[in-house]
1. Can you compute the modelled spin-label distance between Glu158 and Glu44, with each label point 7 Å from Cα toward Cβ, in nm?
2. About its Cα centre, how strong a charge dipole does segment 272-340 have in debye, to the nearest 20, once Lys and Arg get +1 and Asp and Glu get -1 at the Cβ?
3. What is the helix-to-structure angle for 247-264, meaning the angle in degrees between its Cα long axis and the longest Cα principal axis of the chain, kept from 0 to 90 and rounded to the nearest 10?
4. Could you work out how far helix 32-44 tilts from the main Cα principal axis of the chain, as a 0 to 90 degree angle to the nearest 10?
5. Compute the separation of the alpha-carbon centres of segment 246-302 and segment 107-186 and state it in Å as a whole number.
6. Taking 0.36 nm per residue of separation and subtracting the Cα-Cα distance, what length does fully extending Ser266 through Trp280 add?
7. Rounding to the nearest 10 and keeping the result within 0 to 90°, find how far the Cα-based axis of helix 272-281 lies from the longest principal axis of the chain.
8. Of the beta bridges DSSP finds with both residues in the chain, what % are antiparallel, to the nearest 5?
Amino acid sequence: MIKEINFGNIKIGENKPPVTIAEAAVEHLGSVKVAMRMAETAKEIGADIIKYQMHLPDEEMIPDVIKFWGGSLDEILENYNLTNDDHKLLIDYCRELGIQYLCTPFCSEAVDVLNDLGVDAFKTGSGELTNLPMMERIASTGKPVIASTGMCTIEEIEETVHCLRDKNATFMIMNCTSIYPSPYETINLNLIPVYNNKYNVLVGHSDHTPDIWTALGAVAVGAKVVEKHFTLNRALKGPDYEVSLEPVEFKMMVDAIRKIYAALGSEKQIHEDELIVRDWAHHSVVTIADISENTLLQKEMISVKRPGRGIPAKYLEDLLQYKTTRALKKDSILQWKDVTNKF
């Protein structure tokens, strides 16, 4: 298993805090200035990565066949698309800002363009998981890839995992549901540890619900990356506005993810600050009557009460076979030196 993946300056790994991706998609509506402002804002609200999309409609789809958002998808994407120069500008600008640039290609030709532009890594959409020629093209670049798995069968996921592994690719997969917005009952967060164990890969979660809750749940079950659509303002009603978080919401998610990760832990231990509470909250064996020295303890003489500074409560019955080594007043906390079983 690849335990750590480097995305430029970002490290994704088993023992690393979850990485957050702000999915800008085409919420910039084709404006590179808005796309740059989205990068600035994503950095300000704590996202690790901002992700864009590269659409080459002529290479990506047959024209005027796919109807979407009230029109022909290829024409809509052409209107909202960023140029290659725009992407180069964004790559450089993100490096200047200190936020990782990432982009999703939707055809093999876009893979080549992005590779020539000098991207550090790739992120593929769920629709491209079964495009094995494109996945092989990505693998041939030697750069890591995050692959989403929405609307794909287990068999298709396995095919792609085997394909990437055969090509010695560095990759991880994302649990995903390709419904916009996704009903909670379709999210399948329990697949995250299943994928991790079944395919021996790092696993993340790409979330298309309208809020933050399932993204947080994903971290609790082991997601190493959380991807969430991001917009500067839902009122702009970009193509993905219904599943996009505004900056305040995204920051809330990032902060919550960090707190959940800090709370996960891996082993049971008593923390130093708990010892203060343990001192008074646990129970000890105590006397409930005055007891003379050299007296065999009886049930009516002892009980268990707080604090926990003496013989632990679990020894209550055992102590009925012990005698006192000294006289004890009522409400004394028994210590082992106060009793003996040698008589």
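1. Rounded to a tenth, the inter-label distance reads 4.9 nm.
2. Dipole of segment 272-340, to the nearest 20 debye: 200 debye.
3. It works out to around 40 degrees.
4. Long axis of 32-44 versus the principal axis of the chain: about 10 degrees.
5. Distance between centres, Cα-based: 46 Å.
6. Values: separation 14, 0.36 × 14 = 5.04 nm, distance 2.67 nm.
Value of the extension gain: 2.4 nm.
7. Tilt relative to the chain: about 40 degrees.
8. 35
Quick note: the coordinates plus some simple rules give every number you see, no bench work behind them. Please read all numbers here as calculations on a predicted model, not as lab measurements. As a convention, Cβ positions derive from the backbone with ideal geometry for all residues, glycine included, and neighbour counts pool all protein chains shown.
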